[in-house]
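Each remark here refers to the structure printed beneath this line.
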Amino acid sequence: MALEKELQFFAENKTQWLKAHFGKFVLVKGSELIGVYDNAETALTEGAKKFGAESFLVRQLNPEEKDIYIPALALGLLHAHPA
């Protein structure tokens with residue numbers, strides 16, 4: 001499954017990160033927290049710069065987490081290329 005390692009790492013660390021960064025967005029690649037950002041756009045931009053077309057996870061730190069769905073990325077209409 002895509003992002004399996006990232007989702008597991010997020011689940012293992014979410015409680016700790018919530019305490020320190022409630023409401024912020026985390027960027028996760030593999031089993032590494034790459035950064036914490038104020039908004040999804042910044043986290044997604046940074047992920048695209050660092051990882052290009054490779055998968056990475058962006059999630060907001062809140063108790064009622066919701067997936068960020070970007071139709072163009074999901075449908076393969078938009079491709080992230082490092083600058």
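Residues that are assigned to a helix (DSSP H, G or I) and in contact with a strand residue (DSSP E or B) (Cβ under 7 Å, 6 or more places away or on another chain) within segment 14-45 comprise TRP17, HIS21, ALA40, ALA43, LEU44, listed in sequence order. When ALA48, ALA40, ALA53, ALA11 are checked against the criterion of being in contact with a Pro (Cβ under 8 Å, 6 or more places away or on another chain) and either modelled with pLDDT of 95 or more or not β-branched (Val, Ile, Thr) (or both), a single residue qualifies: ALA48.
The values are calculated or read from the model by the stated rules, or taken from the named source; none is laboratory data. Bear in mind that the values here come from a model prediction, so they are computed numbers and not experimental data. Backbone-built Cβ (ideal geometry, glycine too); neighbour counts: all protein chains shown.
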